[in-house]
Amino acid sequence: MEHLLDPQREGTSTEEPASPMPHIAGNRLILDVYLDGCERFLQVTEKLTGGHLRDDYGRPQNGLLTTLPSDIARLSSLRHLDLSFNSFSELPSCISGLSLLTTLHLGYNQLRSLPDDIGDLKFLTDVSLMSNQLTELPAGIGQLKNLEKLDLSENRLACLPEEVGSLQQCIDLDLSGNNLVTLPETLCNMMSLQELSLHNNALVVVPAGLARLPLLSRLDLRNNRLHAVPIEIIQCSCAYLQGNPIGEPESPPLSEDEIQSLDIKELYVKPEEKSFCVTPDGCWIFLPHGFHLCFPPGAVSCTTRIHFQILLPDQQHVRLGHHDVLLSSTLELQPHGIQFHQDVEISIPFASLKPVPKREVVIRTFRDHSGTWMDLSTTTKEKSLHEMQACCKTTHFSWFLVVSRLVEDCRQVPKEGELLFSSVDQNIRVEFPPGATAETRTVRMQVLPVSQRMLEKITGDSESSTSPLLCLSQSSAANFLSPVKIQLPLPPGVTGDTLDRSHLFLLHGDPRAQTWTDITNQVVLQITHIYAHFQVDHFSWYWLWYTTKSYVGELAKNVYKRLRMYQVNFVALQRKRDPEQVLLQCVPKHKVESTVKRLQDRYKGPEPSDLVELVEGEQFFATFEQGLKLYSDRPDCMDGRICFVFYSRMKNIKEVYVTSSTDRLEKDVKGQVSFYRGSVPEGLPEEVTKHRKGSRSDWMATLPIKLPRTKYPNGENDRQRSNHSLPPLNIGNPEMGYLTETNLLSIASQIGSDWMNIGLKLGLPYNELERIRFDNSKDLNQIILDMIFLWARNNAVQPDCVQKLVQAMRDSKRNDIADEIEDVITLGKEKYTQSIRRVGLDQGNSSEDSAIAMSQS
């Protein structure tokens, strides 16, 4: 089989491929046809393009390409080349030979530099190099005279060459998310420029001539370090300056009235801020972590301060219904119950899901005045390759979160009657006759299909089958005045001509689905060839079963419980270079193999636990036993146990350090980690808790952990790690914020590829960071440890060093680490205060006196 890469078909080849792999001959890609060849070809193309495979959390995985064969240069007529989401550290030399290229996409690689001969690709019009590690650009970039779009966002550029101003045809230039401090004046020569993105850099000054570019429609300068801005830029209607500490302008300052008259429509809230103000003019509010709000003009009648917080999943502020799945963190907006004159739009990011026709995504909120949770009309849109955005409109504020629920069909039923169909299964319908209701009421329908395979797996009975599970609810508590007719499809494999009526059961579930009652003899079942019809005067759950079992009600309860629970395995892995660092995770069973495989390069440990069943939102704990214990206190630690809350779409992961209460000088310490159930979410079936009897009723699984013996010189008890020899190091102080060596190690384990940017934000010299990289070129973990401990040793005595660390994380867009640090120091401050009170010290004592008194006590 031959796949033509060039529409002109210049040249042919009669060579036979030497192996069952694709190779290039002339301008064609020759593929050998053999068994499973198509599947192999798909694997090859996935490695070539990258970004199409996803990990367990929906994030795109990079392809494996680090270079290209030189034969690629023979594709002389190639116009479009997309190598995004791969592992290139340098631009393959063969690309410079593709002289007719117009589009070159190399985003999401590891490029550190570009060759100067990139200017030979004179026909390029679209170049994307976003999310690489570029620190500079070659002068040859200015030779791309036909370039119209250049994306260099999310790199490490500290400066630009003067030659960039030669890009006279460039319309869109994106330089956001770099380390730019200044800009060359030649940028003002780019007369075709329409959009210039410079947000999230370190700019302290910008050329005034940018405001005079004739076609410029957007100049984005948000979140820089601009203390002084030319008056031309301030007065430019297309300039966005939010997030800058702007002081006095270089030209005569604007009057107060002129400043207040500026139409600022966007407000970016910093991570450390907990509130913002909304004016009657309206505005867009951009909160941390991707949450957006839009207040239209007139939504408030006077300036109003809104408080907010973004909460991790917790039973206290999450209410999940039957078969709901949580997809996002929770956004709380205060004051609760505030009423706006117009709808406020809220956008919440959530993890990307493959489209599931039997489920839908909604934003759920709490109604304070009624004390109930309700789902809002929601739209979704793709935010990025691995993240979606859910949007709704509301006139009140409370808690808001994104859930995936069963598709809900809703219909207003008037007194004249109505017919309601299920959008999940068109065979299911409900007929309301005239006079069934005296007043219009809202009826909702949800349908949960249950596959034959699932049913057989749960019941062990290959002869049982069921219809889809039907849930009906309404806005009124009153029964219908006339019977309502329901149509359900007969269970698979059953027809009206062949069924045995003694094996057919209609089950009714109560509103909380805690019991199932056989109502077959209480209704008139009318059977057609493929349908069953019956009449009711109130709504609940209905389920049609075909089985030889006589205890069908108990069987249905067991099946329903299993449908609401997730089978999971517990995983405990020890870092290979540091066995005292333990990763704990709760993984749905279908993700266990891929998760362990992904981590096996860095961790080793026992096999995952046996399968355990957990309900969405259920709390559980991990505790170390038999001589093992946590090395330090954590905010999520309760009575020596680490607390989790299970959500099927969340990571359910913790990384901790453990130590031993016994002597490890002579032998290894063999302990274990055990997992126990916590409190049960409200509204669960009673059957979920029936197994909890006896002294170990909450125990779920135990996995062995072994700490190797230590070889301390001279019997010292100092803690020594296998992957570094740094002495114990603590920074800060109990009053202002205090981090132990273990805290620093935990922080280091989460930094990953952001280490360079974080190091620069911490103020470490670039050449020092390059030295660290050179010394540990093959060990990213050691690079990060050297970086963070180098900074810590230099700043440990500074009273605000912890706050500097938090700010560096936020400036590097690692709010997750910043939030964890703040939680740790908050807990430390509380314990410090409690210690002061316990020893009876006055508030006037200095910290030094307090420390002396505490040591004496």
Checklist entry - Quick one: how many Å² of Asp425 are accessible to a 1.4 Å probe, rounded to 10? => result 30 Å²
Checklist entry - Taking a 1.4 Å probe, which of Trp543, Trp699 shows the most accessible area, and what order do the others take after it? => result Trp699, Trp543
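Tell me, what is the FRET efficiency for Ser113 and Leu827 to the nearest 0.05, using R0 = 35 angstrom and their Cβ-Cβ distance as r?
Values: r = 44 Å, r/R0 = 1.27.
Here the calculated transfer efficiency is 0.20.
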Checklist entry - Quick one: length gained pulling Thr379 to Met638 fully straight, 0.36 nm per residue minus the C-alpha distance? => result 89.3 nm
Next on the checklist: Cut-off under 24 Å on the C-alpha distance; same-chain residues fewer than 8 positions from Lys561 excluded. Which lysines are left, in chain and number order?
Outcome noted: Lys358, Lys457, Lys549, Lys589, Lys591, Lys651, Lys690, Lys693
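Which pairs in the list Lys265/Lys383; Lys629/Lys670; Lys576/Lys597; Lys270/Lys813 are over 18 Å apart, alpha-carbon to alpha-carbon?
Values: Lys265/Lys383 21 Å; Lys629/Lys670 12 Å; Lys576/Lys597 14 Å; Lys270/Lys813 11 Å.
Lys265/Lys383, as the Cα separations exceed 18 Å there.
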Checklist entry - Given a Förster distance of 35 angstrom, what is the FRET efficiency for Glu90 paired with Arg598, based on the Cβ-Cβ distance and rounded to 0.05? => result 0.85
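When the chain is fully extended, how far beyond the present Cα-Cα distance does Glu416 get from Glu272, taking 0.36 nm per residue of separation?
Details: separation 144, 0.36 × 144 = 51.84 nm, distance 5.68 nm.
Net length gain for the segment: 46.2 nm.
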Item to check | the range 209-223 - phi-based ³J(HN,Hα) in whole Hz, Karplus 6.51/-1.76/1.60, Gly and Pro as x | outcome: x, 4, 5, 9, 5, x, 9, 5, 10, 8, 10, 9, 10, 5, 6
Checklist entry - In nanometres, what is the gap between the two model label sites at Thr303 and Thr66, each 7 Å from Cα along Cα-to-Cβ? => result 5.8 nm
Checklist entry - What list of ³J(HN,Hα) values in whole Hz, one per residue of the range 469-479 in order, does the Karplus curve 6.51 cos²θ - 1.76 cosθ + 1.60 (θ = phi - 60°) give from phi, with Gly and Pro shown as x? => result 7, 10, 10, 10, 9, 8, 7, 10, 8, 7, 5
Item to check | Proximal lysines to Lys122, defined as alpha-carbon separation beneath 29 angstrom and excluding residues fewer than eight positions away on the same chain | outcome: Lys47, Lys145, Lys149
Checklist outcome for this item: Of 148-154, 453-459, ordering from highest average Cβ density within 10 Å down gives 148-154, 453-459
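Rounded to the nearest 0.05, what FRET efficiency do Asp500 and Ser423 give with R0 = 25 Å and r taken as the Cβ-Cβ distance? Could you check?
0.20
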Checklist outcome for this item: Packing-ranked peptide list from 802-814, 214-226, highest mean Cβ count within 10 angstrom first, is 802-814, 214-226
Next on the checklist: If I model a spin label at Glu439 and Ser237 as a point 7 Å from the Cα along the Cα→Cβ vector, what separation in nanometres do I get?
Outcome noted: 5.3 nm
Checklist entry - Can you give the extra length, in nm with one decimal, that the chain gains between Arg225 and Ser475 once fully stretched, where that is 0.36 nm per residue apart less the Cα-Cα distance? => result 84.5 nm
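Using a 10 Å cut-off on Cβ atoms, rank the peptides 481-491, 590-600 from the highest mean neighbour count down.
Top to bottom by mean Cβ count within 10 Å: 481-491, 590-600.
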Item to check | Heavy atoms of Val181 accessible to a 1.4 Å probe, total area in Å² rounded to 10 | outcome: 60 Å²
Item to check | Simple label model, 7 Å out from Cα along Cβ direction - Glu607 to Asp461, nm | outcome: 3.3 nm
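The values are calculated or read from the model by the stated rules, or taken from the named source; none is laboratory data. Treat the numbers as computed from the prediction; the structure is a model and nothing was measured. Reconstructed Cβ throughout: ideal geometry from the backbone, glycine too, with neighbour counts over all protein chains shown. Keep in mind that these areas ignore ligands, DNA and RNA; they rest on the heavy atoms of the full protein, side chains included. Shrake-Rupley method; radii C 1.70, N 1.55, O 1.52, S 1.80 Å.
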